[in-house]
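Encoded as structure tokens, the structure appears first; notes follow it.
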Amino acid sequence: MANLQTLLDDTALVPPPAENAAWRRFRRHKLAMAGAVTITVLFLGSFFGPYLLPFDDTRIDVMHRFAWPLSGAHWLGTDELGRDILARLMMGGRISLSIGFMAMVIAVVVGTTIGTVAGYYGGIIGSLLMRFVDAVLCFPTIFLLLALAALVEPSLVSMTLLVAATAWMSVARIVEGQIRSLREQDYAVAAKAMGASDWRVMVRSLLPNAMAAIVVAATLNVAKAILLESYVSFLGYGIQPPVASWGNMLNNAQIYLTSAPWLAILPGLAITLAVTSFNFIGDGLRDALDPRMDIR
């Protein structure tokens, strides 16, 4: 009994497991936490908010055109056709955020694959792949995107693929540099010496150790994808009305800047919040996943 009591007392003195260091560093990054909260609110509002509103985003009410925000039943006012701005912002956020996330996934998969192969093999294979990446990077992104968008019918799928096609190169360069430095590490050399295939060494030994850089690049690519979609839709080559996106809402509002400024301010504010928040999250992840960084 005495031994049991001693064991219980000793157990009570054992401190609880330490909190995950990366999460602790991220949580202490105030701007990153603010960005995470903002993105959560935008996501929930865009994907679930329209079901809670009494107005549909395409419902036309010509008797209440250009209603000012907070002037009646329409909390954020109405546009030139009497459509509810809040409903259109939420539906536009659904489109813009969906394109941002899906384009990010495609860009990260393509960029990671090319960067991993180029960084691991090096030599002629690596040089050819990275010179192709450099060649694509020579084209200004927005002009390349507009040229491609002019050749296809705009839709959610086509815009996602086009944005991803202009965003994977930066991921490839980051991953190639990481893999090239990691392939000479002892664990990678040992795995190869024990007979592991090239694919197994890349997937099981190298990629997990490059994941921090990939996660940061993925986060920043969401912000880039949202901006690119907004550019193209603003210029009329992206998502077409009556389907709302933040970019085409800005396009429709440009002729009403003096008479109804909220039509441009509100979608512009939504884009700014989303892009800035993702950039803050990317900064926070970079600091959190790098043990050499210490946030005071």
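The values are calculated or read from the model by the stated rules, or taken from the named source; none is laboratory data. Given the structure is predicted, the values throughout are model-derived calculations rather than measurements. Counting neighbours? That spans all protein chains shown, and the Cβs are built from the backbone with ideal geometry, glycine included. Each accessible area value is taken on the protein alone, full model and side chains, heavy atoms only, with ligands, DNA and RNA left out. Shrake-Rupley method; radii C 1.70, N 1.55, O 1.52, S 1.80 Å.
Assorted remarks:
- Tally of residues being under 20 Å from Lys224 (Cα atoms) and among the polar types (S, T, N, Q) across region 241-265: 3
Rundown of residues vs (1) open to solvent by 20 Å² or more (accessible area, probe 1.4 Å); (2) in contact with a helix residue (DSSP H, G or I) (Cβ under 9 Å, 6 or more places away or on another chain); (3) under 29 Å from Met169 (Cβ atoms), yes/no style:
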{"residue": "Trp199", "(1), (2), (3)": "yes, no, yes"}
{"residue": "Met211", "(1), (2), (3)": "yes, yes, yes"}
{"residue": "Leu228", "(1), (2), (3)": "no, yes, yes"}
{"residue": "Leu235", "(1), (2), (3)": "yes, yes, yes"}
{"residue": "Gly247", "(1), (2), (3)": "no, yes, yes"}
{"residue": "Leu263", "(1), (2), (3)": "no, yes, no"}
{"residue": "Leu266", "(1), (2), (3)": "yes, yes, no"}
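- Any hit, region 54-74, residues being among the β-branched types (Val, Ile, Thr), buried (at least 16 other Cβ atoms within 10 Å of the Cβ) and either assigned to a helix (DSSP H, G or I) or touching a strand residue (DSSP E or B) at 6+ places or on another chain (Cβ under 6 Å) (or both): no
- Matching residues, region 213-226, being open to solvent by 40 Å² or more (accessible area, probe 1.4 Å) and touching a residue at least 60 places away in the same chain (Cβ under 8 Å): Val215, Leu220
- Filter pass, Thr141 being surrounded by 20 or more Cβ atoms within 10 Å (Cβ to Cβ) and among the hydroxyl-bearing types (Ser, Thr, Tyr): no
- When each of Ile281, Ile255 is tested for being farther than 23 Å from Ala150 by Cα, open to solvent by 20 Å² or more (accessible area, probe 1.4 Å) and touching a Ser or Thr at 6+ places or on another chain (Cβ under 6 Å), the lone residue that passes is Ile281.
- From the options Asp186, Asp198, residue that is over 25 Å from Arg27 (Cβ atoms), of a type in the set (D, E, K, R) and touching a Lys or Arg at 6+ places or on another chain (Cβ under 9 Å): Asp198
- With respect to being part of a loop (DSSP other than H, G, I, E, B), closer than 21 Å to Met249 by Cα and aromatic (Phe, Trp, Tyr), Phe47 falls outside the description.
- Given (1) at pLDDT below 90; (2) surrounded by 15 or more Cβ atoms within 10 Å (Cβ to Cβ); (3) over 23 Å from Leu76 (Cβ atoms), number of the condition Pro291 does not satisfy: (2)
- All conditions in (1) surrounded by fewer than 22 Cβ atoms within 10 Å (Cβ to Cβ); (2) assigned to a helix (DSSP H, G or I) hold for Glu184, with the sole exception of (2).
- For Phe278, the conditions (1) at negative phi; (2) in a loop (DSSP other than H, G, I, E, B) all hold with the exception of (2).
- Of everything in region 233-292 that is among the hydroxyl-bearing types (Ser, Thr, Tyr) and within 23 Å of the chain's Cα centre (by Cα), the residue that is nearest to Val152 (Cα to Cα) is Tyr237.
- Qualifying residue in region 30-43 (condition: of a type in the set (D, E, K, R), under 26 Å from Tyr256 (Cα atoms) and open to solvent by 50 Å² or more (accessible area, probe 1.4 Å)): no
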